[in-house]
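Enquirer: Supplied in structure tokens, the structure appears directly below.
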Amino acid sequence: MQGSGWPVPWPLLALEAISEPRGRLCGHRGALPAGWRRERGCEGLSERAVSPPQHHIVFLKTHKTGSSSIVNLLHRFGDTRGLRFALPPRYQFAYPNLFKAQRVKGYQPGGPRFDILCHHMRFNLPEVQKVVPPDSFYFSIVRDPAALAESTFSYYRMVAPAFRQAGSLAQFLAAPDRFYNPAERSNHYARNQLWFDFGLAPPTQPGPEAVQAVLAWLDQTFPLMLLTEHFDESLVLLREALCWAEEDMDVFQHNGRDPQAVHPLTPNQTAQLRAWNALDWQMYVHFNQSFWRHVEAFGPDRLRAEVARLRARRQALAEHCLQGGGPVDAANIADERIRPFQFGQVPILGYALRPGLGPPDQQLCTRLITPELQYKDMLDARQFGSNGSKTAHGGGVAGGPARSPP
């Protein structure tokens, strides 16, 4: 990969024809900050400043939003550049408790900060700021709460008491207050999941003012909010914000369900779920609007062109890397190092490598398909040694991760 010092594998050579010219624009003119350089603009018409790639990143990994795919991007970017990850002792930062710096493996007050923080946590800004540099870029991803609730019900049906007692989503929607008790452990999955992940408590006072104040604070904290429904467009905007190269945004879908396990919602169910998750719906509408303001600033035509290139690159990589060119059932993946963790009753798809890949291509393709838990263990072993990883997780890199819900 660019800047990694590795041999350039075949897929990247083949993808040069659908990559943009070097000299990406980050919209800065005038005197340059330290570390910046001047290069020709992408159209070759003017010189502009190109910022160095952002290496200090906080990604709030929300549940059932496509966030595992974003984590794969961050894992690969940091891994190939030797960046330091803020890692949990296992796979989450004591979720659903609020994040605390002391739960980061290797954290020492006053010690070196970590470059990337991206694993499941319940957001707590003052504690997060203790473990990452002050110039870190914060972002997250949100999803329409109706679709989010359908996915959450499918995945956490036997975890959240409200879902377990209801039996089906239709029965839950018929009388949600009958099943939902906010005091019961794990029922945070059953209502306003996004609000909870962002570390927020329900407003104590009625009226829109309290919600708007929270959303204004989130705007200040997270300069960019991605949308699940516009995932590829989100990747393009993220690339611009981070000043990364196009190959850094190559990604396959991770932690995806078998399509047969997805239950389409009726219009009435969609409306009911948005009403039940009213705080999440207000958050989603707010960030949906800010997302399209980012699109307008970026340029809709430019966005469409970059999305087309992103998808063309992904298709080329899928044809080159993947057996069958796409996801497969986990039962058909013999190598447990790349087999996705199966949680609950919903089949989670993964990927098998195409036979016959040369060593450089196999290295690239393996990183693209390695699931989050296994990749976390590899990062843990790199930072703390294989013995430390085994001690913390009950399983080493070769043996796969100890099993716990993501």
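Enquirer: Would you list V328, V104 from the most to the least accessible area, probe 1.4 Å?
Expert: Putting V328, V104 in descending order of accessible area: V328, V104.
Enquirer: Which value does Rg/Rh take for the stretch 247-335 over its C-alpha atoms, Rh per Kirkwood?
Expert: Numbers: Rg = 18.2 Å, Rh = 16.9 Å.
Value, to two decimals: 1.07.
Enquirer: Just how much of F77 is accessible, in Å², when a 1.4 Å probe is used and the result is rounded to the nearest 10?
Expert: Using a 1.4 Å probe on the heavy atoms, I get roughly 10 Å².
Enquirer: At 7 Å along the Cα-to-beta-carbon direction for both Q220 and Q363, put a label point, then send me their distance in nm to one decimal.
Expert: In this crude label model, Q220 to Q363 measures out at 4.5 nm.
Enquirer: Given +1 on the Cβ of Lys and Arg, -1 on the Cβ of Asp and Glu, and no further charges, what dipole in debye does the stretch 171-289 carry about its Cα centre, rounded to the nearest 20? Intermediate values should be presented prior to the final figure.
Expert: Details: 6 positive and 15 negative charges, 152 e Å.
In debye, rounded to 20, the stretch 171-289 gives about 720.
Enquirer: I've got another one for you. Calculate the length of the line joining the C-alpha centroid of the stretch 255-319 to that of the stretch 66-100, in whole Å.
Expert: 22 Å
Enquirer: Carbon and sulfur: what percent of the stretch 168-210's accessible surface (1.4 Å probe)?
Expert: Numbers: 1250 of 2420 Å².
Carbon and sulfur atoms account for 52 percent of the accessible area of the stretch 168-210.
Enquirer: Still on this structure, I have one more. Counting only protein heavy atoms and a 1.4 Å probe, tell me what percentage of the stretch 52-102's accessible area is made up of carbon and sulfur. Provide the component values of the computation, followed by the final result.
Expert: Working: 660 of 1310 Å².
Answer for the stretch 52-102: carbon and sulfur cover 50 percent of the accessible area.
Enquirer: Same structure, new question: Heavy-atom accessible area per residue, the stretch 202-330, 1.4 Å probe: how many Å²? Numbers along the way, then the final one.
Expert: On the way: 6110 Å² over 129 residues.
Per residue, the stretch 202-330 has 47 Å² of solvent-accessible surface.
Enquirer: If I ignore ligands, DNA and RNA and count only protein heavy atoms, how much of R293 is accessible to a 1.4 Å probe, in Å² to the nearest 10?
Expert: Only protein atoms counted, so the area is about 140 Å².
Enquirer: Also: Just the number please: accessible area per residue for the stretch 73-161, 1.4 Å probe, all protein chains included, in Å².
Expert: Values: 2920 Å² over 89 residues.
Dividing the accessible area of the stretch 73-161 by its residue count gives 33 Å².
Enquirer: A further question follows. In the neighborhood of R103, defined by Cβ-to-Cβ distances under 13 Å, what is the net charge if each Lys or Arg adds +1 and each Asp or Glu adds -1? Don't skip to the answer; put the middle values down first.
Expert: Values: positive: R90, K100, K105, R122, K130; negative: E127.
My count for the surroundings of R103 gives +4.
Enquirer: Another question about this same structure. Taking a temperature of 37 °C and a viscosity of 0.692 mPa s, what whole-number D in µm²/s does Stokes-Einstein yield for the stretch 173-323 with Rh from Kirkwood over alpha carbon pairs?
Expert: Numbers: Rh = 18.3 Å.
This corresponds to a translational diffusion coefficient of 179 µm²/s.
Enquirer: Separate question: Name the GluC sites (Glu not before Pro) in the stretch 157-266 that are in a loop by DSSP and that have at most 16 other C-beta atoms within 10 Å, would you?
Expert: Details: sites: E184, E209, E229, E233, E240, E246, E247; in loops: E184.
Here the sparse-neighbourhood loop sites are E184.
Enquirer: Once a ≥ b ≥ c are taken as the square roots of the eigenvalues of the Cα gyration tensor of the stretch 283-355, is the result rounded (a/c under 1.5), prolate (a/b larger than b/c) or oblate (a/b not larger than b/c)? Let's see the in-between values first.
Expert: Numbers: a/c = 4.78, a/b = 1.69, b/c = 2.84.
The shape class here is oblate.
Enquirer: Given an 8 Å cut-off on Cα distances and at least 6 residues of separation, report the relative contact order of the stretch 129-245 as a percent.
Expert: Numbers: 86 pairs, mean separation 40.9, N = 117.
Once divided by the residue count of the stretch 129-245, the mean separation gives 35 percent.
Enquirer: Which is farthest toward the positive dipole end of the stretch 59-199 among I141, L73, V131, measuring Cα position about the Cα centre, with Cβ charges +1 (Lys, Arg) and -1 (Asp, Glu)?
Expert: Value: V131.
Enquirer: Given the alpha-carbon gyration tensor of the stretch 314-371, what are the semi-axes of its equivalent ellipsoid in whole angstrom, ordered largest first, with each equal to the square root of 5 times an eigenvalue? Don't jump to the answer; show the numbers that get you there.
Expert: Numbers: eigenvalues 86, 26, 17 Å².
Value: 21, 11, 9 Å, ordered largest first.
Enquirer: Computing the accessible area with a 1.4 Å probe over protein heavy atoms, can you report the carbon and sulfur percentage for the stretch 244-336?
Expert: On the way: 2470 of 4640 Å².
Whole-percent figure for carbon plus sulfur exposure: 53.
The values are calculated or read from the model by the stated rules, or taken from the named source; none is laboratory data. Only a predicted model underlies this, so the values are computations on that prediction, with no experimental measurement involved. Cβ atoms come from the backbone with ideal geometry, glycine included; neighbour counts cover every protein chain shown. Note: accessible area is taken over every heavy atom of the protein model, side chains too, but ligands, DNA and RNA are not part of it. Shrake-Rupley method; radii C 1.70, N 1.55, O 1.52, S 1.80 Å.
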